[in-house]
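**Q** Let me give you the structure first, and then I'll get to my questions.
The values are calculated or read from the model by the stated rules, or taken from the named source; none is laboratory data. What you see is a predicted model; the values in this text were computed from it and never measured. Virtual Cβ from ideal backbone geometry, glycine too; neighbours counted across all protein chains shown.
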Protein chains: 2
Amino acid sequence: MSKRTEKTIVDIAEELKLSVSTVSRALNNHPNISTRTKEKVKKMANKLGYRPNAMAAGLRNNKSRTIGLVVPRISMFFPATISTVIQNKLHEHGYHVLICQSNDSLEQEIALAETLYSTRIDALAVSSTLYTTDFSHFDIFKDNNIPLVFFDRVPKDYKVKVVKGDDYLGGYTVTEHLIEKGCKDIVHISGPLTCNLYTERVAGYKNALRKHKIPFKKSRIFYQELTKENALQACEKIFARPPYPDGVFAANDTTAITILEYCRKKNLRVPEDIKIVGYSNDPRAEIITPSITSVDQFPAIMGERVAKALLELLQQPGAPQRYSEDLVPIQLIERASSAAPVSASKTTVKKKAK
Amino acid sequence: MSKRTEKTIVDIAEELKLSVSTVSRALNNHPNISTRTKEKVKKMANKLGYRPNAMAAGLRNNKSRTIGLVVPRISMFFPATISTVIQNKLHEHGYHVLICQSNDSLEQEIALAETLYSTRIDALAVSSTLYTTDFSHFDIFKDNNIPLVFFDRVPKDYKVKVVKGDDYLGGYTVTEHLIEKGCKDIVHISGPLTCNLYTERVAGYKNALRKHKIPFKKSRIFYQELTKENALQACEKIFARPPYPDGVFAANDTTAITILEYCRKKNLRVPEDIKIVGYSNDPRAEIITPSITSVDQFPAIMGERVAKALLELLQQPGAPQRYSEDLVPIQLIERASSAAPVSASKTTVKKKAK
DNA sequence: TATATTTCCGCAATCGTTTGCACTCATGCA
DNA sequence: TGCATGAGTGCAAACGATTGCGGAAATATA
């Protein structure tokens, strides 16, 4: 019974004694249809409560007006913000967005690629798993010339459009910032090197050290998934015995926050005894006391650019997809956790924290 | 040319000298097909790189295996967490999720309902706009017996499944908590009353006051969209002149945080001079100093229940949809911002804040 | 051997739209 | 009056899968 209430263009055609083609064309504002007919058709469509069936149209046109979005998870600040922007932007252009989470599981990511292909999405944007080094499960899209763009966690040597933050510069900037604030022994908590963006931050970290003639020590760098638990474990090692580092560059803010709290508990003063810098400028970084210096990656801008890239590719079907890199700028947001050592520190910090 | 690489079941059938029906059935594990044939078909499907076309199947079956999700925005902690859970859970059952944002605009919500219907989603979950009081734009779904469940921001008197937090209890609990901690003049910053959940929290607030014989004052309650800007404006009014309140019940944590920071700037001590409680248990509430007492609404549980409700409805097609309310419990998370006034307050607070 | 039963498979219609092509009218012009 | 023109419309074939029904082959039963 719910079946029979679904009106189709056939119903409209019968009601109006017109052919379905005319109705279809009228609804799509085809130029060959007279204004009078168009009006009649649209009025009747309204009257009957007609709703187009996107699947039927999609089948015929071989396009779904839906684009896929694969992110590790949408509950994290950074991907969530990007997803928001992408979704809103594409919606403005009449596209739906299927947001999917890989939960940082390569297996899930592969399955997702497969099923998203089945829905015949018109384009795909993905920020990959931490552990994706082989991207061949996305080949189907490339081979069939379906627009594909990667962002944030992007592949190397894979012929696609890429939108990413300037991670090398980020790593360099943070490290140099800590050095300029007086740090001489800087720990870096990095994500796993399977993810290129961490490789680049590490490169930035190392180069900044080198430039300032600070020796790089293997024992001062950690590669791990950037969870709270892992951060705590790293802390246990770092602070097992002196000498303690005087600076920490954490590759995300969750890690930075965890370390800050750990230091607090250990009665290490931040920033007097040890300075901490995070990454991504999570809202929590600004709020905690002392507030944490972090790197803004401008997720909104990144989202805009991803959406723009997708739309451009959608407008030139058949255009060969090749590697091209769109670098989104970063900006160091200086806060209390890495402030210079002043005597009247306590109040100064408070003020800056504001 | 990308067209011609798209293999269909027809290709498989030709290759194997079988009929398309057999191929279709084989791929769908129909019992009437011999195991041998099924294996042959699947092998060939693999060999040809066949990928099912979900749109074609959907058109024929009149189902898309896609469910719609409409939330105000996915970048906010609470809806983001719920969306994550719903998406993951439904994906386990082979459903895609179209996540859409209304951006708290009724107009966008209405448009969304329309276009989501066009894609023939199999079910719809929505957390409505702050300003949605008329829900008739969702009638199409009800009329066509498409599973519809609301969560968090839910309608009243609209015959659908509803999953919501216990907002009355939340409002009551927070207020009573503040009273028990010694507050006698409690401000409540509420969301707009067009949204039922705020109405209920207000009711809880009022009833707690009444029970404890504290007079309710109209001047002590604010109805506004719960943004940072609005919170600041409210502060300006509240602290324009004494007497200052000794307790604030903010209906979200963004507001609570803003007020806390405002008080800090005004040199009002929290919790000694004024106690603050937020709502939703945003991650920031735990991290700020002093940490903010808040109400956990268990978004993960809510997400689970929404997903469960959707799946149940999907499994009994044609079942009449009627109002039914699933109340997710809430829990007050006591933190430093509302701690009892102790003499050695400073250290106590720190400890609790941990 | 003849008949009844399974088992397995094919035919063809169907889902709702879109679109190339052909066709019918008016109308304009010579 | 005859003919080209062009605007407006209709026919029918797709798009790729599913499925009720009927039938052939293989097997069991008498």
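**Q** Checking residue A:38 against (1) surrounded by fewer than 17 Cβ atoms within 10 Å (Cβ to Cβ); (2) of a type outside the set (A, V, I, L, M, F, W, C); (3) without any contact (Cβ under 8 Å) to a residue 24 or more places away in the chain, only one condition comes out false. Which one?
**A** Just one mismatch for residue A:38, condition (1).
**Q** Shifting gears a bit: Filter segment A:144-173 down to the residues that are within 14 Å of chain B (Cβ to nearest Cβ) and part of a loop (DSSP other than H, G, I, E, B) and list them by number.
**A** Filtering segment A:144-173 down to residues within 14 Å of chain B (Cβ to nearest Cβ) leaves A:144-148.
A:144, A:145, A:146, A:147 - these are the residues of segment A:144-173 that are within 14 Å of chain B (Cβ to nearest Cβ) and part of a loop (DSSP other than H, G, I, E, B).
**Q** Would you check which residues across segment B:27-44 are more than 9 Å from DNA strand D (Cβ to nearest atom) and in a helix (DSSP H, G or I) and list them?
**A** B:35, B:36, B:37, B:38, B:39, B:40, B:41, B:42, B:43, B:44
**Q** Collect the residues in segment A:126-145 that are among the hydrophobic types (A, V, I, L, M, F, W, C) and out of contact with any Lys or Arg (no Cβ under 9 Å at 6 or more places or on another chain), keeping them in residue-number order.
**A** A:135, A:138, A:141
**Q** From B:127, B:102, which residue is within 15 Å of residue B:309 (Cβ to Cβ), of a type in the set (Ser, Thr, Tyr) and touching an Asp or Glu at 6+ places or on another chain (Cβ under 7 Å)? Let's see the steps before the verdict.
**A** Details: B:102 fails: within 15 Å of residue B:309 (Cβ to Cβ).
Only one candidate qualifies: B:127.
**Q** Out of A:90, A:106, A:69, which single residue is under 13 Å from the mean Cα position of the chain (by Cα), more than 8 Å from every other protein chain (Cβ to nearest Cβ) and of a type outside the set (Asp, Glu)? Lay out the reasoning, then the answer.
**A** Values: A:90 fails: under 13 Å from the mean Cα position of the chain (by Cα); A:106 fails: under 13 Å from the mean Cα position of the chain (by Cα).
Just one listed residue meets the conditions, A:69.
**Q** Would you check which residues across segment B:295-319 are at pLDDT 95 or above, in contact with a Leu (Cβ under 8 Å, 6 or more places away or on another chain) and within 14 Å of chain A (Cβ to nearest Cβ) and list them?
**A** B:307
**Q** Find the residue count for segment A:167-220, including only residues that are within 29 Å of the chain's Cα centre (by Cα), of a type in the set (Lys, Arg) and surrounded by fewer than 24 Cβ atoms within 10 Å (Cβ to Cβ). Steps first, please.
**A** At the first step, the residues of segment A:167-220 found to be within 29 Å of the chain's Cα centre (by Cα) are A:167-178, A:186-209, A:220.
Filter once more, keeping what is of a type in the set (Lys, Arg): A:201, A:206, A:220.
This time we only want the ones that are surrounded by fewer than 24 Cβ atoms within 10 Å (Cβ to Cβ), so: A:206, A:220.
Counting residues in segment A:167-220 that are within 29 Å of the chain's Cα centre (by Cα), of a type in the set (Lys, Arg) and surrounded by fewer than 24 Cβ atoms within 10 Å (Cβ to Cβ) gives 2.
**Q** Moving on. Just for helices (runs of 4 or more DSSP H) wholly inside segment A:45-143: which have at least 3 residues that are away from DNA strand C (no atom under 16 Å from the Cβ) and among the charged types (D, E, K, R)?
**A** Values: elements: A:54-61, A:77-92, A:106-118, A:139-143.
So the answer is A:106-118, A:139-143.
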